[in-house]
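Heads up, the thing below is written out as C-alpha cells.
The values are calculated or read from the model by the stated rules, or taken from the named source; none is laboratory data. Computed from a predicted model, the values in this text were never measured in an experiment. In this analysis, Cβ positions are derived from the backbone assuming ideal geometry, glycine residues included, and neighbour counts consider all displayed protein chains. Keep in mind that these areas ignore ligands, DNA and RNA; they rest on the heavy atoms of the full protein, side chains included. Shrake-Rupley method; radii C 1.70, N 1.55, O 1.52, S 1.80 Å.
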Amino acid sequence: MTTPIPGYPPFKNPLSAIIMMNGYMRHFLERVEQDFARFGDLFSFEISGQQMLMLRDPEMIHEITTRQASQFVKDATYTDPRRGLAYFLGNGLLISDGEFWRRQRKLMSPAFHHKRLMSYGEIIVRESARVIDQWRGVSEADVDADMMHATLDIVAKALFSSDMNDADVQRIGAAMTSIQEFSGDQAQQILPQWIPLPSRLAQRKHIAALDEIVYRVIAEHRAMGSDNGDLLWMLLNARDEDGNGMTDRQLRDELVTLFLAGHETTANTLNWVWVLLAQNPHVEAQLHEELDRVLGGRLPTLEDLKSLTYTEQVIKEAMRLYPPAFVFSRMPVEDMELGGYPIKKGAQVTVMSWSVQRDARWYPDPLAFKPERWTPDFEASLPKGAYIPFGGGPRICIGMNFALMEANLLLAALGSRYQLRLIGDAPAPMPLLTLRPKGGLHMRIIPRAVTPTAENINFQQIERV
Ligand code: HEM
C-alpha cells in the first residue's frame, strides 16, 4: 500500500505555472522550508503532467543516492540540451549516465587519487601566498571575486597545468554567472526556444568565450607534446577498446564541467566561512588560537592539516549551514516506491541538502554555527543522508578530497594572516546553481598581529610544502 504524496494541486496551464514558480523561486529557500513544515519531508508539484518532488528525508535521500542509485538517472535539469545544464556542459561527467559515465569516471578518477593530491597542495599554497600578497595594504576587498579567482587558478593549474590570465578569469567568471542565471530563470526554462530572450543571446556569447578558452587550452596541451601526467593528458591519452580517443568536443565538455564544478563551489564554501567567522567572533578566536599554535605565522603544509582539526570542523559546519551545491536532483527510470510513496517514472526528485542539513531532528540548535558539534561520535550518530554537501553513493563529488584540502589550506593560510569583517549586512544566499552571496561579499581586510613580514612569505617556504 502506498500513500499519496502531499503537495500542490496540479497546474494545468503553463502560464500560471510560470507565475507561481517565478514567485516561488524569488524566495526559494524560505518557501521550501515553509512547505516542508506544511506537507512533511516529501512534497510534490505537478506542472503539465510532470511530477516534481522536493525531498529532505535522510533515509529516502540515501535510497536515491546510494542503495537504489541504479534505479535513477540525471533528470532534465541536467540533461536537456536546450533547457538543462547540458546546454553549457554538453555530455561532461556531471551530466552523462550509464556506461559512458562509468568509463569517463574511471578515466578521470586517478587525477583525484591521494598521490596526485599531494602535488596539488603545493599549487594551493602558492595561490594562497598570491592572495596574501594581493591583500597586503588593502583595506577592503570583494572577497567573493578574490575567492573565485583563486579557486579558478588552482583548478586550471592543478588539472590542466594551465595559467589563466586575468582576462580569461573574467570571461570564465562571466560565463559561470550566466550559467547560474540560466538555472534560475523560469522564463528560459519554460518558454519555447524560438523566443529570442536577451538573456539567451548573451549566453550564446558567453559559451563562445568559454569554448575559445577551453579549445585553446586543449591546443596548447597538444602543442606541448610531452605528457606531464595532468588530468588533461589522461583524457587526451584515453583510448576505448577499439583504440579510439576522445573527440575535442568531449574533451571540451569535461574541461568546462571541471572548471564549473571545481571552482565556484569551493569559492562559495570559503565565502560563507568568512561570513560565519565575522558573525561569530568566539569561533574565530578559537580558530586563530589553533592557527597560531600550529603554524606560528608560517604558511601551512599538507602535513599540518592533521593538526588543524578545528579548522576542519569550521569548514564542515559552514558547509552544513551553506552547502554550495544546495540541491541536486534525479529521475527514476521506472515507476517505483520510495519510503511508501508512489514515484512515477520520469519524475524530478529534488534533494534539498540545504533543508536536511538545517533540520533540528539531526542537528540540535540547527541555525547556530557550532564547529565543535563535529565530534566522531556525533558524525557516527547522524543518519545516512543527513550530511550531503558532496552528494553520495557512486556519483559522489569526484573532487571532494581535492576541495576539502583546498578549502582547509586556503582558510589556514589566509585566516592566520587576516581577519575579515563584513561591510554592512551579511549578504543573503542567492540560490542559483550554487549558493552565492547576493551582490558579492564586501569585507574589510584587517592584518592580524602574527602577520609575518613580506620577507617571511617567500617562496623558499613554499618550496618545502
Ligand atoms: C566545496 C566544493 C564542492 C562541492 C560542495 C561539490 C559538490 C558536488 C555535489 C553535491 C555533486 C553531486 C551532484 C549530483 O549528484 O548530481 C558533485 C559532483 C561533481 N563534482 Fe563536485 N563539489 C565541489 C568541488 C569539486 C571539485 C574541486 C571538482 C573538480 C575539480 C568537482 C567536480 C565534480 C564533478 C566532475 C562531479 C560529477 C561527478 C559524477 O557525477 O560522477 N567538484 N559535486
Filtering the range 308-340 down to residues that are in contact with a strand residue (DSSP E or B) (Cβ under 9 Å, 6 or more places away or on another chain) and more than 15 Å from the ligand (Cβ to nearest atom) yields Val333, Asp335, Met336, Glu337, Leu338, Gly339
Expected single match for more than 30 Å from Lys12 (Cβ to Cβ), among the small types (Gly, Ala, Ser) and within 14 Å of the ligand (Cβ to nearest atom) among Ala69, Ala86 is Ala69
Here the residues within the range 135-169 that are open to solvent by 40 Å² or more (accessible area, probe 1.4 Å), of a type in the set (D, E, K, R) and farther than 22 Å from Leu420 by Cα are Lys157, Asp163, Asp166
Across the range 255-277, the tally of residues that are more than 8 Å from the ligand (Cβ to nearest atom) and of a type outside the set (Phe, Trp, Tyr) stands at 11
All conditions in (1) farther than 18 Å from Phe88 by Cα; (2) at pLDDT below 80 are true of Gln186 except (1)
By residue number, the members of the range 225-277 that are exposed (fewer than 13 other Cβ atoms within 10 Å of the Cβ) and in a helix (DSSP H, G or I) are Asn237, Arg249
Condition set over 22 Å from the mean Cα position of the chain (by Cα) and farther than 30 Å from Leu367 by Cβ, scope the range 308-334, selection least open to solvent (accessible area, probe 1.4 Å): answer is Pro332
Practice prompt. Within the range 344-360, identify whether any single residue is basic (Lys, Arg) and exposed (fewer than 13 other Cβ atoms within 10 Å of the Cβ), and answer yes or no.
Written response: yes
Within the range 89-134, restricting to residues that are buried (at least 18 other Cβ atoms within 10 Å of the Cβ) and aromatic (Phe, Trp, Tyr), the one that is farthest from the ligand (Cβ to nearest atom) is Tyr120
Of (1) more than 28 Å from Gly439 (Cα to Cα); (2) within 18 Å of the chain's Cα centre (by Cα); (3) modelled with pLDDT of 95 or more, Leu159 fails just (3)
Subset of the range 70-86, residues modelled with pLDDT of 95 or more and not in a loop (DSSP other than H, G, I, E, B), comes to Ser70, Gln71, Phe72, Val73
Screening Pro383, Pro394, Pro376 for residues that are within 13 Å of the ligand (Cβ to nearest atom) and more than 17 Å from Leu321 (Cβ to Cβ) leaves only Pro394
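If you check Glu46 against the conditions, is it modelled with pLDDT of 95 or more and either within 23 Å of Pro429 (Cα to Cα) or surrounded by fewer than 21 Cβ atoms within 10 Å (Cβ to Cβ) (or both)?
Taking the combined requirement at face value, the residue does not satisfy it.
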From the option list Phe28, Phe100, single residue qualifying as closer than 30 Å to Gln250 by Cβ, out of contact with any Cys (no Cβ under 9 Å at 6 or more places or on another chain) and of a type in the set (Phe, Trp, Tyr) is Phe100
